[in-house]
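Novice: Sending over a structure as structure tokens; questions will come in a sec.
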Amino acid sequence: MAARTGKEFIEGLKDDREIWLGNERVKDVTTHPVLRGSVLGMAGYFDWQHRYAEDCLVPDPVTGQPMNASLIVPRNADDLQRRHRAFERFARYSCGMLGRTPDYVNVTLAGFVARKDIFTSKGDTTSYDRLHAFYREVVEKDLSMTHTIIQPAIDKSVGELIGLNGEIALKAVGRTDEGVIVRGAKILATLGPFADEIFVYPAGPLPPGSAAEHALMFSIPVKTKGVIQVCRDHYGTTAPQQDQLFSSRFDEQDTYVIFDDVLVPHERMFIDCDLDAYNNLRAAGWAANVFQQTSTRAAVKLEFAYDLCTRMAQIMNVEKKPDVAMRLGELWSYSQLTRAATRAAMIDARDWGSGAFFCDDRPLRAVRAQMPSWMSRMAELLKSIGAHNLLATPSLEAFKNPAMQPLLDKYMPSANGKDAEHRARIFRLAWDFVGSALGARVDLYEHFYLASQPTNFIREHMQTLAEGGFGVLDEFLHENGVN
């Protein structure tokens, strides 16, 4: 099988996966009335890759069949440019609202495959051979992956693997001839109900003194016996798509994952209680690799927000008022700073080891640290420009009523000559973008899916401190005779 269509994606979800929504075990995610819109929205992603095949697909170097370009194992600058085209096109499918499209975990997997040296540092190629075989399976079947990598923080007054936290966290608890038995929980599997595979890998080094049984990296089918996903409330709606272009299709759904004595086959276990491999993996260029995708999605989302805010301002004929123009210019600046960081990271890309050609991570890490506040500010700017107009949005069905349409056309027109229905469409879209239940969920997602802003600021300072800073001060002092 080569790159899948939406229909083929949906067929792949029809299995015995254990998904709980409220007090109900979902029998079939593809037909469940609450989840159906999100399934169709993700199916649209797979059709999108065929619609824009020149951007999204490349020939598989092994089979020659079309594969998702996010699965390119990057070896040179051309590979990064080719991936960038795909990330850009995929982000435009949802205007950046879908944060966990399959290309996100695809690029993570491809980056791990590029760093063969991390898995073979002790002279044994078994783990890498398993990882590479799994990578080939993902390529040839075009599998949709979610990941779950964070330890549950039950008691935040202690460390992540101390006391109850350690008891609940995922770990190896037994072995058989077939594989390793794992037990525990992980958070958070975004896209979990709509994925084929659930990929577990390091979120970062384990705390000093951690037991080796927590050092696990593997992937198993979502339908595997003992894998239980507990959904939050679903924020997708059953409203007509034109009324809620985002909420009707793009709730990715987040789940808390419980591994209830799950057997992971040996061939799917990539790090098996190896603390060295586990603790070193993320430092081997993970950020430099995956942040190319995340920053591209963010740029598309910010540019969409700028266009949307500008259109709202035009509808009210205020786009040139100084206070409004200032807000629009501020939003524009965030989008272009994100673009600039991505370009700089690609220009200064280098071999990170073992032939893995990744971006320069520094500008991308800076963007990661700033992005939570930029995204919150984006929502604030949109609300300040839209104000009460975000609530004066009749359903588009109202325009089909012969009694209502002439009244709406008369009393709710746009200032720039557009009709009332266009006005309603734009302000409904804006509210769905930042004010709906889905909009609130996405805002929270933007704050924490790449760690919190304070955490990232601390990380970047500590890493730069360890590297000795920039050297500018010492150079200046030396030039002026100061020791």
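The values are calculated or read from the model by the stated rules, or taken from the named source; none is laboratory data. All figures in this text were calculated on a predicted structure; none of them were measured in a lab. Here Cβ is always computed from backbone atoms with ideal geometry, including for glycine, and neighbour counts include all displayed protein chains. Calculation scope for accessible area: heavy atoms of the full protein, side chains included, ligands and nucleic acids excluded. Shrake-Rupley method; radii C 1.70, N 1.55, O 1.52, S 1.80 Å.
Novice: Please arrange R51, R297, R92 by accessible surface area, largest first, computed with a 1.4 Å probe and ligands excluded. Intermediate values should be presented prior to the final figure.
Specialist: Values: R51 160, R297 5, R92 105 Å².
So the residues, ranked largest to smallest area, are R51, R92, R297.
Novice: Let me ask you something else. Going from the alpha-carbon gyration tensor of region 224-272, what semi-axes, largest first and in whole Å, does one get by taking the root of 5 times each eigenvalue? If you can, show how the numbers build up before the last one.
Specialist: On the way: eigenvalues 243, 30, 12 Å².
Equivalent ellipsoid semi-axes, largest first: 35, 12, 8 Å.
Novice: Also, I was wondering about something else. Using alpha carbons only, how many degrees (0 to 90, rounded to 10) separate the axis of helix 102-114 from the longest principal axis of the chain?
Specialist: Once rounded, the angle reads 30 degrees.
Novice: Can you check what the Kirkwood hydrodynamic radius comes to for region 368-434, Cα pairs only, in Å to one decimal?
Specialist: On the way: mean 1/r = 0.0758 Å⁻¹.
Answer for region 368-434: a Kirkwood hydrodynamic radius of 13.2 Å.
Novice: Ok, one more. Given the C-alpha centroids of region 22-36 and region 330-381, what is the distance between them in whole angstrom?
Specialist: Taking the Cα centre of each part, region 22-36 and region 330-381 sit 37 Å apart.
Novice: If you don't mind, another one. So for D254, D323, D348, what's the accessible-area order with a 1.4 Å probe, most first? Write down the numbers at each step before the final one.
Specialist: Details: D254 15, D323 65, D348 85 Å².
Listed by decreasing accessible area, they come as D348, D323, D254.
Novice: Also, I was wondering about something else. Averaged across orientations, what area in nm² does the convex hull of the alpha carbons in region 35-164 project? Before the final figure, lay out each step's value.
Specialist: On the way: hull surface 45.6 nm².
Mean projected area of the Cα convex hull: 11.4 nm².
Novice: Here is a further query. In whole Å, what are the Cα extents of region 398-483 along the three principal axes, biggest one first?
Specialist: That gives 84, 29, 12 Å along the principal axes, largest extent first.
Novice: Can you give the accessible area of S333, probe radius 1.4 Å, in Å² rounded to 10?
Specialist: 40 Å²
Novice: Tell me the per residue accessible area of region 379-483 using a 1.4 Å probe; a whole number in Å² is fine. Each step should come with its number before you reach the end.
Specialist: On the way: 6390 Å² over 105 residues.
Per-residue accessible area for region 379-483 comes out at 61 Å².
Novice: Restricting things to alpha carbons, tell me how big region 138-226 is in terms of Rg and Dmax, in Å.
Specialist: 13.9, 45
Novice: How much of K14 can a 1.4 Å solvent probe reach, expressed as accessible area in Å² and rounded to 10?
Specialist: Surface accessible to solvent at K14 totals approximately 100 Å².
Novice: Report the FRET efficiency, 1/(1 + (r/R0)^6), for L40 and E467, where r is their Cβ-Cβ distance and R0 is 35 Å, rounded to 0.05. Write down the numbers at each step before the final one.
Specialist: Details: r = 47 Å, r/R0 = 1.36.
Plugging the Cβ-Cβ distance into 1/(1 + (r/R0)^6) gives 0.15.
Novice: Then there is this: Mind checking the full-extension length gain between Q241 and E460? Use 0.36 nm per residue of separation minus the Cα-Cα distance, one decimal, nm. Let's see the in-between values first.
Specialist: Details: separation 219, 0.36 × 219 = 78.84 nm, distance 4.17 nm.
Taking 0.36 nm per residue and subtracting the Cα distance, the gain is 74.7 nm.
Novice: Give me the extension gain from L164 to E24: residue separation times 0.36 nm, minus the current Cα-Cα distance, reported in nm with one decimal. Spell out each step's value before the answer.
Specialist: Values: separation 140, 0.36 × 140 = 50.40 nm, distance 2.76 nm.
Full extension of this stretch gives 47.6 nm more.
Novice: What is the P(r) of region 140-293, as percent of Cα-Cα pairs per 5 Å bin from 0?
Specialist: 2, 9, 16, 20, 19, 16, 9, 5, 3, 2, 0
Novice: What distance in nm separates the simple spin-label points at A440 and E54, each placed 7 Å from Cα in the Cβ direction?
Specialist: In this crude label model, A440 to E54 measures out at 4.4 nm.
Novice: Still on this structure, please answer the following. With every protein chain kept in place and ligands, DNA and RNA left out, what is the accessible area per residue of region 46-196? Probe 1.4 Å, answer in Å².
Specialist: Numbers: 5780 Å² over 151 residues.
Ligands and nucleic acids excluded, the figure is 38 Å² per residue.
Novice: Between D155 and A211, what's the calculated FRET efficiency when r is the beta-carbon distance and R0 is 22 Å? Round to 0.05. Before the final figure, lay out each step's value.
Specialist: On the way: r = 17 Å, r/R0 = 0.80.
So the FRET efficiency works out to roughly 0.80.
Novice: Now for a different question. Roughly how many nanometres apart are two label points built 7 Å out from the Cα toward the Cβ at K400 and S452?
Specialist: That separation, rounded to one decimal, is 4.7 nm.
Novice: On the principal axes of its Cα set, how long, how wide and how thick is region 312-412? Give whole Å, largest value first.
Specialist: Principal-axis extents of region 312-412 (Cα, largest first): 69, 33, 19 Å.
Novice: Hey, another quick one. Keeping all protein chains in place and using 1.4 angstrom, which order do W20, W374 fall into by accessible surface area, from largest down? Don't jump to the answer; show the numbers that get you there.
Specialist: Details: W20 85, W374 30 Å².
Per-residue accessible area, sorted high to low, gives W20, W374.
Novice: With angles folded into 0 to 90 degrees, how steeply does helix 286-315 sit against the dominant principal axis of the chain? Use alpha carbons for both and round to 10.
Specialist: For helix 286-315, the angle is close to 10 degrees.
Novice: Name the residues of region 282-298 whose amide N is less than 18 Å from a point 7 angstrom out from the Cα of R82 along the C-beta direction?
Specialist: 289-290, 292-293
Novice: I'm checking a number: the convex hull volume of the Cα atoms of region 231-308, normalised per residue, in Å³. What is it?
Specialist: Working: hull volume 13.4 nm³, N = 78.
Hull volume over Cα atoms, normalised by residue count, gives 172 Å³.
Novice: How do the peptides 447-456, 132-141, 192-201, 359-368 rank, highest first, by the average count of neighbouring beta carbon atoms within 10 Å per residue? Please list the in-between numbers first.
Specialist: Numbers: 447-456: 15.5, 132-141: 17.3, 192-201: 24.8, 359-368: 21.6.
Those peptides, ordered most packed to least, come out 192-201, 359-368, 132-141, 447-456.
Novice: Related question: On C-alpha positions alone, give me the angle between the axis of helix 420-434 and the longest principal axis of the chain, in degrees, nearest 10.
Specialist: Approximately 30 degrees, to the nearest 10.
Novice: Given the C-alpha atoms of region 90-167, compute the convex hull and give its volume per residue in Å³. Show your work: numbers first, answer last.
Specialist: Numbers: hull volume 11.7 nm³, N = 78.
Taking the convex hull of the Cα positions in region 90-167, it is 150 Å³ per residue.
Novice: What percentage of the solvent-accessible surface of the chain, computed with a 1.4 Å probe over protein heavy atoms, is contributed by carbon and sulfur atoms?
Specialist: 55 percent
Novice: How big, on average over all directions, is the shadow cast by the Cα convex hull of region 336-468, in nm²?
Specialist: Mean shadow area of the hull around the Cα atoms is 12.0 nm².
Novice: Still on this structure: With every protein chain left in place and a probe of 1.4 Å, what is the accessible surface of C273, to the nearest 10 Å²?
Specialist: Accessible area of C273: about 40 Å².
Novice: A follow-up question, please. Any idea what the alpha-carbon Rg over 2.2 N^0.38 Å comes to for region 1-78? Please list the in-between numbers first.
Specialist: Details: Rg = 16.0 Å, N = 78, 2.2 N^0.38 = 11.5 Å.
Output field value: 1.39.
Novice: Oh, and also: Around Q65, which amide H atoms from residues at least 5 apart in sequence, or from another chain, sit under 5 Å from its own amide H, with H modelled in the peptide plane?
Specialist: D60
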